[in-house]
Amino acid sequence: MSTKKNNPSALNEKAGISPPEIISSNAIQQIKESRKKQPSSQELIDGILAGNITALSRAITLIESTNSNHLTKANEVINGCLPHANQSIRIGITGVPGVGKSTFIEAFGKYLTSLGKKVAVLAVDPSSTISHGSILGDKTRMEELVKDKNAFIRPSASGETLGGVARKTRETITLCEAYGFDVILIETVGVGQSETAVHSMVDFFLLLKIAGAGDELQGIKRGIMEMADAIVINKADGDYIKKAQLTKVEFNRALHLFPPKKSGWIPTTATCSALTQEGIDGVWQTILDYLELVHSNHYFVEKRKEQNQFWMIETIDEQLKTHFYNQPNIIQLLESTKKAVQNNEISPFAAAQTLLDSYFKK
């Protein structure tokens with residue numbers, strides 16, 4: 001007869017250990033009441049300026065809310081933080097899915113915090129077109145950076161506007177700057193119009209690429225190449241070092257085909273490995289060189305002014321669209337008009353004009 005004992009599973013409750021006492025009903029009620037209590041706009045502003053990360057998170061949630069009742073309060077918080085903003089460096093980071101954006105951002109963010117910088121990462125997760133949900137897993141992928149006391153990672157769902165980086169992301173930048181972050185990193189979804197939106201709210205636009213993904217020149221898209229201030233070939237490690245160097249040469253040649261930038265900056269190419277941290281310091285030095293140039297020729301300030309104007313117009317457009325679709329007479333008329341268009345009883349353009357006429361006559 002065998003005397004070997006089976007190893008007990010860690011999932012089983014050990015004998016002699018009693019479950020903890022249930023928390024009193026009074027304590028439960030107090031917790032519920034505390035969660036229900038909503039801080040005022042001034043309390044959120046004071047908390048952000050005092051370096052309270054909870055206040056910052058709650059204010060960002062308020063901005064992201066689609067509840068129309070939250071809009072006034074959100075605007076009050078933004079206006080209260082605005083005088084304390086505009087002191088950071090805003091960096092947009094884009095690249096196709098699989099290029100290693102999250103790994104690069106973690107390595108880059110850790111490097112910046114090692115220099116004494118306070119870093120905020122605004123990561124946009126793509127929303128499902130079917131369930132409309134998002135995984136919001138960037139904190140999981142950046143497991144080292146998320147534990148850094150000088151870093152803040154905020155994943156947000158892309159939603160349905162401008163690739164997920166519309167007004168809410170632009171205003172979140174203001175809150176993060178008021179909090180005291182030195183560097184704001186904005187990660188795009190990597191598809192659609194998100195690159196254009198990010199470019200209109202950052203100081204430096206970084207395009208990540210990888211080697212060995214097919215004909216490199218076939219992968220060059222004129223629009224995004226013209227927006228990029230630097231192209232970095234990521235994953236330049238192991239067997240891919242030589243391929244990365246060749247890819248760098250190809251992109252460097254391609255950049256000479258584009259017209260000069262208004263900033264006077266000549267876009268650069270480089271290689272790096274987020275895995276081994278090789279080349280990360282060089283990326284930061286490139287950004288510093290760019291900032292030195294645009295500050296000296298005053299382009300930095302002019303670009304910020306243009307961006308503020310752009311987002312004012314974008315916000316007007318967004319609010320008008322929202323107001324239009326929330327009008328009771330439009331909601332009622334829209335369904336019947338859709339059916340008429342589907343049945344070819346009226347042209348889409350005439351139907352649109354009918355709806356607009358109804359909107360302006362209300």
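Give me the residue from segment 56-87 that is of a type in the set (S, T, Y) and within 20 Å of the chain's Cα centre (by Cα) and, out of that set, farthest from D182 (Cα to Cα).
We begin by selecting, within segment 56-87, every residue of a type in the set (S, T, Y); these are 57, 61, 65-66, 68, 72.
If we keep only those that are within 20 Å of the chain's Cα centre (by Cα) too, we end up with 57, 61, 65-66.
Numbers: S57: 17, T61: 21, S65: 26, T66: 29 Å.
By that ranking, first place goes to T66.
Which members of segment 339-361 meet the condition of being in contact with a helix residue (DSSP H, G or I) (Cβ under 6 Å, 6 or more places away or on another chain) and over 16 Å from K321 (Cβ atoms)?
Those that are in contact with a helix residue (DSSP H, G or I) (Cβ under 6 Å, 6 or more places away or on another chain) and over 16 Å from K321 (Cβ atoms): V341, I346, P348, A351.
Residues being in contact (Cβ under 8 Å) with a residue 24 or more places away in the chain and touching an Asp or Glu at 6+ places or on another chain (Cβ under 8 Å): count how many of those fall in segment 46-64.
1
Quick test of your reading of the structure: M312 fulfils all but one of (1) in contact with a Lys or Arg (Cβ under 7 Å, 6 or more places away or on another chain); (2) modelled with pLDDT under 90. Name the failing condition by number.
(1)
Does segment 339-348 include one or more residues that are assigned to a helix (DSSP H, G or I), surrounded by 14 or more Cβ atoms within 10 Å (Cβ to Cβ) and either free of Cβ contacts under 8 Å to residues at least 12 places away in the same chain or under 33 Å from the mean Cα position of the chain (by Cα) (or both)? Step through it out loud before you land on a result.
Taking segment 339-348 and keeping what is assigned to a helix (DSSP H, G or I), we get 339-342, 348.
Checking the rest, the ones that are also surrounded by 14 or more Cβ atoms within 10 Å (Cβ to Cβ) come to 340-341.
Among the residues that remain, those that are also either free of Cβ contacts under 8 Å to residues at least 12 places away in the same chain or under 33 Å from the mean Cα position of the chain (by Cα) (or both) are: 340-341.
Yes, that holds for at least one residue.
Confirm whether G279 is on the phi > 0 side of the Ramachandran plot, touching a helix residue (DSSP H, G or I) at 6+ places or on another chain (Cβ under 8 Å) and not charged (D, E, K, R).
Values: on the phi > 0 side of the Ramachandran plot: yes; touching a helix residue (DSSP H, G or I) at 6+ places or on another chain (Cβ under 8 Å): no; not charged (D, E, K, R): yes.
Spelling it out, it is not the case that G279 is on the phi > 0 side of the Ramachandran plot, touching a helix residue (DSSP H, G or I) at 6+ places or on another chain (Cβ under 8 Å) and not charged (D, E, K, R).
State whether one or more residues within segment 314-328 are touching a residue at least 24 places away in the same chain (Cβ under 8 Å), touching a Phe, Trp or Tyr at 6+ places or on another chain (Cβ under 8 Å), over 29 Å from Y111 (Cβ atoms) and surrounded by 12 or more Cβ atoms within 10 Å (Cβ to Cβ).
Yes, there is a match, as at least one residue in segment 314-328 is touching a residue at least 24 places away in the same chain (Cβ under 8 Å), touching a Phe, Trp or Tyr at 6+ places or on another chain (Cβ under 8 Å), over 29 Å from Y111 (Cβ atoms) and surrounded by 12 or more Cβ atoms within 10 Å (Cβ to Cβ).
Test K321 against the stated conditions and say whether it is modelled with pLDDT of 90 or more and charged (D, E, K, R).
No, not satisfied.
Residue-wise test of (1) under 20 Å from I153 (Cα atoms); (2) part of a helix (DSSP H, G or I); (3) outside the structural domain of A228 (by TED's automatic domain parsing).
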{"residue": "Q42", "(1), (2), (3)": "no, yes, yes"}
{"residue": "D46", "(1), (2), (3)": "no, yes, yes"}
{"residue": "G51", "(1), (2), (3)": "yes, no, yes"}
{"residue": "T54", "(1), (2), (3)": "yes, yes, yes"}
{"residue": "I60", "(1), (2), (3)": "yes, yes, yes"}
{"residue": "L71", "(1), (2), (3)": "no, yes, yes"}
{"residue": "E76", "(1), (2), (3)": "no, yes, yes"}
{"residue": "I93", "(1), (2), (3)": "yes, no, no"}
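Consider I266 against the criteria (1) among the hydrophobic types (A, V, I, L, M, F, W, C); (2) touching a helix residue (DSSP H, G or I) at 6+ places or on another chain (Cβ under 9 Å); (3) surrounded by 15 or more Cβ atoms within 10 Å (Cβ to Cβ): it satisfies all of them except one. Which criterion is unmet?
Condition not satisfied by I266: (3).
Check off (1) surrounded by 18 or more Cβ atoms within 10 Å (Cβ to Cβ); (2) among the polar types (S, T, N, Q); (3) under 23 Å from E171 (Cα atoms) for T286 and give me the number that stays unchecked.
Single failed check for T286: (3).
The values are calculated or read from the model by the stated rules, or taken from the named source; none is laboratory data. From a predicted model like this one, the values you see are computed outputs, not experimental measurements. Cβ sites come from the backbone with ideal geometry, for glycine too, and all protein chains shown count toward neighbours.
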